[in-house]
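Asks: Okay, here's the structure, questions in a sec.
Derivation of every value follows stated rules applied to the coordinates shown; laboratory data play no part. Predicted model only: the values in this text are computed from it and were never measured. Counting neighbours? That spans all protein chains shown, and the Cβs are built from the backbone with ideal geometry, glycine included.
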Amino acid sequence: MALSPRLEVKQTQQLRMTPQLRQAIHLLQLTNVELTAFLRAESERNPLLELDDGGTAAAAPPSDTTMTTDSHLSATNPGNASEEFDTGRQNLYDEAPADRAERMGTDFARGSQEDPGELQLSKPPTLRDHLIEQITIAPGAKPEAKTMALALVDELNADGYLAAPLFEIADRYGVMSGELDDGLALLQACDPVGIGARDLSDCLRLQLQEADQLTEAMAALLENLHMIAAGRIKELAKLCGAQSDALSDLLAQVRLLNPRPGRAFSADPVEQAVPDVFIRPNDTGGWTVDLNTETMPRVLLNNTYTRDLSAQGEEVETFISECRANATFLMKAIDQRARTILDAASAIARHQDGFFREGLHALKPLTMATIATEIGVHESTISRVVNNKFLHCDRGTFELKFFFIQALRDTSGEANLASRAVQDRIKRLIDKEEPAKPLSDDKILALLKADGVDIARRTIAKYREGMGIPSSVQRRREKAGQHQG
């Protein structure tokens, strides 16, 4: 067979991320408040869209307005994403924090490229916006590191700390703990300095390191900050190898640092978490899962306006046709978002039935991949759905992300214990301990193993520190000081 160049025509099919699909992905990760703001801006650009806020839009004749979010949701099958978007559900949202760093940086932070700037001009940038922008354009950073750093941004609390243990975060995103290291380093290199710290000591260390002021004496001081609260100044000075005057200088230097770097971006008033989903017991012994329709925006399509303008000429008719197509797809995307949230919350309710009935100690291990497989979507879709979405039940209001928990093995070797349930057991044991004989980590280890929990001592220490519980030695000293007082 002779080898020679030739022209060949070939027909293939492949899925591409169209602007509409990107918009659907963007909508999925928005909260109801953010979605309302987005739709309000869209309605200003598209004359066929009306946002029903109980005013003029609500007064429109029923025959001339179609496809409200809640009515369409109740009239369709929650499982038919392929009919809505002309593609399989597994392909609908196939890129997310764990898939593509560059796309995540663009879509996750800024949404669709067609989005106008007026939404960003109405309020100062949030900490999340500020960090994502830096990570996205970080020179020399590997895409994998950017992906992990962007994922860690959503794990920060209001102070800018990573409160959750890294191994739990890694488990939620389906990666090894070590894979987060580069992402954590990239996050901690961002402004403001100290962001992404594990605790107060780590936050101060990052700031001193950046200022090239992290001496051995200062490092010893940061490792023993609890001695300051306990009034053990002389002992602290000895550990730092400093005289009293020198220690005072070190303390004065520490007081100049920012213990809460994330608070610099808290200019907006603190808003109470509004539930997206309600779970309540039903008459059959199960759970009823409902969307919070009070906060879900309702979008209307003005057919009267369409008919009035369609007769104004070919150019106007083309414009109206494009507006109608965009409005129709947007409303389908909103309905798909609502159904996906409902599906995910219903699956969580089934898996975490014990928690809703008994409390924290009955939590079970659960991964995003499990829920994704069960409801027929990509794992990245679940990652978006659970972010900043809240569930309300008789036990309170919880972020959906709360219910995804790392698995621990019991003494039989089965991985059927939830890490958060084990943390609750540790806290209960410490709460019941005798003040004069606080439980050491080794004693807690023995008690847990006797109760069927196979866990390492270092894991107990990690959980205890994550809950802000000091060591047994420090607890004994604190309780002794309270008794003497």
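Asks: Around Arg298, which amide H atoms from residues at least 5 apart in sequence, or from another chain, sit under 5 Å from its own amide H, with H modelled in the peptide plane?
Replies: Correct list: Asp52.
Asks: Residues with amide H under 5 Å of Leu417's amide H, sequence separation 5 or more or different chain, H placed in the peptide plane at 1.01 Å from N; which?
Replies: Residues meeting the amide H criterion: Leu408, Asp410.
Asks: Now for a different question. I need the peptides 354-367, 212-225, 21-34 ranked by packing, meaning the mean over residues of other C-beta atoms within 10 angstrom, with the highest value on top. Intermediate values should be presented prior to the final figure.
Replies: Numbers: 354-367: 16.9, 212-225: 15.3, 21-34: 20.7.
Per-residue Cβ counts within 10 Å, averaged per peptide and sorted highest first, yield 21-34, 354-367, 212-225.
Asks: Whole-Hz ³J(HN,Hα) for each residue in segment 166-174, computed from phi via Karplus 6.51 cos²θ - 1.76 cosθ + 1.60 with θ = phi - 60°, x for glycine and proline: what do you get?
Replies: Each residue's phi maps through the Karplus curve to give 4, 5, 6, 5, 4, 5, 5, 9, x Hz.
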